[in-house]
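Here the structure comes first, spelled out in structure tokens, and everything after it is commentary.
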Amino acid sequence: MRNGRLHMFTQALDLDSLLATTDGDSIPAYAPAQTDIGHINLYVADLTESERFFHEFLGFDVMARIPDGATFLGARVVITTTLR
């Protein structure tokens, strides 16, 4: 928050720096069981249709909207899976 308003920015992922943290170890092909994904940003071509899909079809709750800019949705469930 800045001056009572939501302030956001997008920063590109520095993949080389991220991979340098592995100290030469191989990158696992799956996410460990204790992995928690806090949030995911999706850039979509049609915000209205995307919100409709995630809300009406997948059951996500609309948490907030920034007109002509973004929709924040939240899932009330924990999805447990192994990525392979």
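The values are calculated or read from the model by the stated rules, or taken from the named source; none is laboratory data. What you see is a predicted model, and the numbers here were worked out from it, not measured in a lab.
Could you check region 31-84 and list, in sequence order, the residues that are among the β-branched types (Val, Ile, Thr), part of a loop (DSSP other than H, G, I, E, B) and either at pLDDT below 75 or over 14 Å from the mean Cα position of the chain (by Cα) (or both)? Quick ask: steps written out before the conclusion?
Quick first cut of region 31-84, residues among the β-branched types (Val, Ile, Thr) only: 35, 37, 40, 44, 48, 62, 66, 71, 77-82.
Narrowing the set further to residues that are part of a loop (DSSP other than H, G, I, E, B) leaves 35, 37, 40, 44, 77-82.
Within region 31-84, THR35, ILE37, VAL77, VAL78, ILE79, THR80, THR81, THR82 meet the criteria.
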Unique residue being farther than 16 Å from PHE72 by Cα and among the aromatic types (Phe, Trp, Tyr) when the list is TYR43, TYR30
TYR30
